[in-house]
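Following: one structure in structure tokens, then a few remarks.
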There are 2 protein chains.
Amino acid sequence: MDAIADDAGGKRARGLDRAFEILDFLRQKRQALKPNEIAAQIGAPRSSVYELVNLLLRNGILEFTGGDGRVYLGRKLYFLGAAYENHFDFTRECEAALERLADETRETAQFCMLDGDKYTVVRMREGARPFRISTDVGQSVPIPWTASGRLLVAHMTNEEILAFIPPQDFQLPGGEWLDPKAFLAEVRQAEREGFFTFNSIVDSFTHCFAVPVMDEGHAAATLCLVTPRDDGLANRDRYLACLKDAAASLSQAPTRPKRG
Amino acid sequence: MDAIADDAGGKRARGLDRAFEILDFLRQKRQALKPNEIAAQIGAPRSSVYELVNLLLRNGILEFTGGDGRVYLGRKLYFLGAAYENHFDFTRECEAALERLADETRETAQFCMLDGDKYTVVRMREGARPFRISTDVGQSVPIPWTASGRLLVAHMTNEEILAFIPPQDFQLPGGEWLDPKAFLAEVRQAEREGFFTFNSIVDSFTHCFAVPVMDEGHAAATLCLVTPRDDGLANRDRYLACLKDAAASLSQAPTRPKRG
DNA sequence: CGTGAATGTCCAATATATTGAACATATGAT
DNA sequence: ATCATATGTTCAATATATTGGACATTCACG
């Protein structure tokens, strides 16, 4: 009951943690839910969830929407998120880089970051192909499933990485397990080479390219291409060059934060 | 100690409320602060603020940034805000409407909403004039100071409005007090006419136009123009027509929410 | 060096938040 | 009508979160 305690056998949950659990759950679901449903699905006491939901409603963090007492993320969160975006102003340049990538490659281009201990697509430009390959923006995905994942944890030591990634995230959607040792080796390779590419391990027809967007000396984000396997292999060098160009234009100096 | 209690002479503050007070404070300041500074400036016990800040850091709601242990809004808030924006998808159309307004009028065009009991500019296109007239996006402003404010509270009864707007918000920046009765009369006028225009009461050289963006039967937001007084008066009818057109394109049906 | 301000940590006391369980109500199926 | 399920409300018990204050450290400055 020390290393992996978290919220397992514990007695009471702290309101704040539970509150953000509710917010994250609504984000995952991407739809308004009744407090009762939330309680059932996250396994929290109903009275607690009702209490917290009411508090969050009073603060504008949640809003009634969809009728029948259903709640979803509120406007206040939009304002807070906008303030974050404004402070770490990556959006404008990011959109430009994705635009350029999409023009140059006609493939699906993504800007990805860590969301806690998960990987998430922050922004995306879909490719110009008749069959589009795309993930949903804002969905949380286990880090080991993605090419970007290798780069986003490369600043940690092996021990830190294994402590950081939930063990069950090494299980692929098909059910097979990815050997953590193999994963760590790929992380170090990605760190050395400054990029990572592979045939996706979550499907059988895509090839993924990822390069880091550096900030303060580590990969704060990645730029990725998701391509059909044959195209990816055929254009590998050109695509990598495009990605590196784009990432360089976004990367910050290695030592200084954006604002002093 | 009942109507205006809130957090005045109370004993202990609830962690959740304090937490969002911290987040809102950082948003207002628009810069990273040390926990100690936050505690001093919002008048909260230091030990509480340190405790909460650590909790929020663990959740990714706050982040260390700017060095020296300073904290600011975190990435998680960006993700949550993006989910809100995605759900109530007003951004794309909104930008288009502002673009069109800016083209047609060459004046500063704004998209505004309520943030709790304050008015805030959510998005803005600055005018093409040599001397630009602009407010900061994301700043909270007392409702009675703005033309939009008349529309944004028009769905409430007079009593609700007076209970909703903090009494001190009727004091203008110059120090004079705006008569709540006069304000309520203007609210009703705005409601009847479907727009509100006036020479700004917070400066001496602008004229403001506001029209409602309707959703579920009330003004969910406003579109505004901020113009030099002479231009505003000279082009009044044309500007109003442009605004109404734009607002109509954004407005939703009166009864149904966007997604059932 | 001594002093005061700014910053962060620690801890015990107690005010209270979280929780389980009981209760209330509506709805739909049999 | 009867039962089961889903939903929301209420309340008292107690585990604990919030808080004041003591303490430690750093820094600037006379």
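Taking segment A:126-149 as the range and being assigned to a loop (DSSP other than H, G, I, E, B) and over 26 Å from B:TYR84 (Cα atoms) as the test, the residues that pass are A:ALA128, A:ARG129, A:PRO130, A:PHE131.
Among the residues of segment A:89-125, write down those that are in contact with a helix residue (DSSP H, G or I) (Cβ under 8 Å, 6 or more places away or on another chain) and assigned to a loop (DSSP other than H, G, I, E, B). Within segment A:89-125, A:PHE90, A:GLU107, A:GLY116, A:ASP117 qualify. So is A:ALA102 more than 16 Å from DNA strand D (Cβ to nearest atom), more than 7 Å from chain B (Cβ to nearest Cβ), under 25 Å from the mean Cα position of the chain (by Cα) and surrounded by fewer than 22 Cβ atoms within 10 Å (Cβ to Cβ) or not? Yes; evaluated as a whole, the condition is true for this residue. The number of residues in segment A:155-191 being free of Cβ contacts under 8 Å to residues at least 40 places away in the same chain, part of a helix (DSSP H, G or I) and within 29 Å of A:GLU216 (Cβ to Cβ) comes to 18. Examine segment A:109-121 for a residue that is surrounded by fewer than 23 Cβ atoms within 10 Å (Cβ to Cβ), modelled with pLDDT of 95 or more and among the aromatic types (Phe, Trp, Tyr), and state whether such a residue exists. Within segment A:109-121, none of the residues are surrounded by fewer than 23 Cβ atoms within 10 Å (Cβ to Cβ), modelled with pLDDT of 95 or more and among the aromatic types (Phe, Trp, Tyr). State which residue is surrounded by the fewest Cβ atoms within 10 Å (Cβ to Cβ) when the search covers only segment B:52-84 and only residues that are at the interface with chain A (Cβ under 10 Å from one of its Cβ atoms) and farther than 16 Å from A:TYR84 by Cβ. Checked segment B:52-84; the qualifying residue surrounded by the fewest Cβ atoms within 10 Å (Cβ to Cβ) is B:GLY67.
Here's the yes/no breakdown for (1) touching a residue at least 24 places away in the same chain (Cβ under 8 Å); (2) closer than 13 Å to A:GLY69 by Cβ:
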residue: A:ARG14; (1), (2): no, no
residue: A:PHE20; (1), (2): no, no
residue: A:LEU26; (1), (2): yes, no
residue: A:ASN36; (1), (2): no, yes
residue: A:ALA44; (1), (2): yes, no
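For segment A:65-74, the set of residues classified as touching a residue at least 24 places away in the same chain (Cβ under 8 Å) and out of contact with any Asp or Glu (no Cβ under 9 Å at 6 or more places or on another chain) consists of A:THR65, A:GLY66, A:ASP68, A:GLY69, listed by residue number. Applying the criterion of being near DNA strand D (Cβ under 9 Å from one of its atoms) and surrounded by 17 or more Cβ atoms within 10 Å (Cβ to Cβ) to the residues of segment A:16-36, the residue that is nearest to the other protein chains (Cβ to nearest Cβ) is A:LEU16. For B:ASP68, the criteria (1) more than 16 Å from DNA strand C (Cβ to nearest atom); (2) out of contact with any helix residue (DSSP H, G or I) (no Cβ under 7 Å at 6 or more places or on another chain); (3) on the phi > 0 side of the Ramachandran plot hold in every case but one, which is (1).
Count of segment A:202-233 residues, restricted to those that are in contact with a Phe, Trp or Tyr (Cβ under 6 Å, 6 or more places away or on another chain) and of a type in the set (Val, Ile, Thr), is 2. Residues B:VAL202, B:VAL211, B:VAL226: which one is under 20 Å from B:MET124 (Cβ atoms), touching a Pro at 6+ places or on another chain (Cβ under 8 Å) and either among the basic types (Lys, Arg) or surrounded by 14 or more Cβ atoms within 10 Å (Cβ to Cβ) (or both)? Step by step, each of B:VAL202, B:VAL211, B:VAL226 is checked, and only B:VAL202 is under 20 Å from B:MET124 (Cβ atoms), touching a Pro at 6+ places or on another chain (Cβ under 8 Å) and either among the basic types (Lys, Arg) or surrounded by 14 or more Cβ atoms within 10 Å (Cβ to Cβ) (or both).
The values are calculated or read from the model by the stated rules, or taken from the named source; none is laboratory data. All figures in this text were calculated on a predicted structure; none of them were measured in a lab. Reconstructed Cβ throughout: ideal geometry from the backbone, glycine too, with neighbour counts over all protein chains shown.
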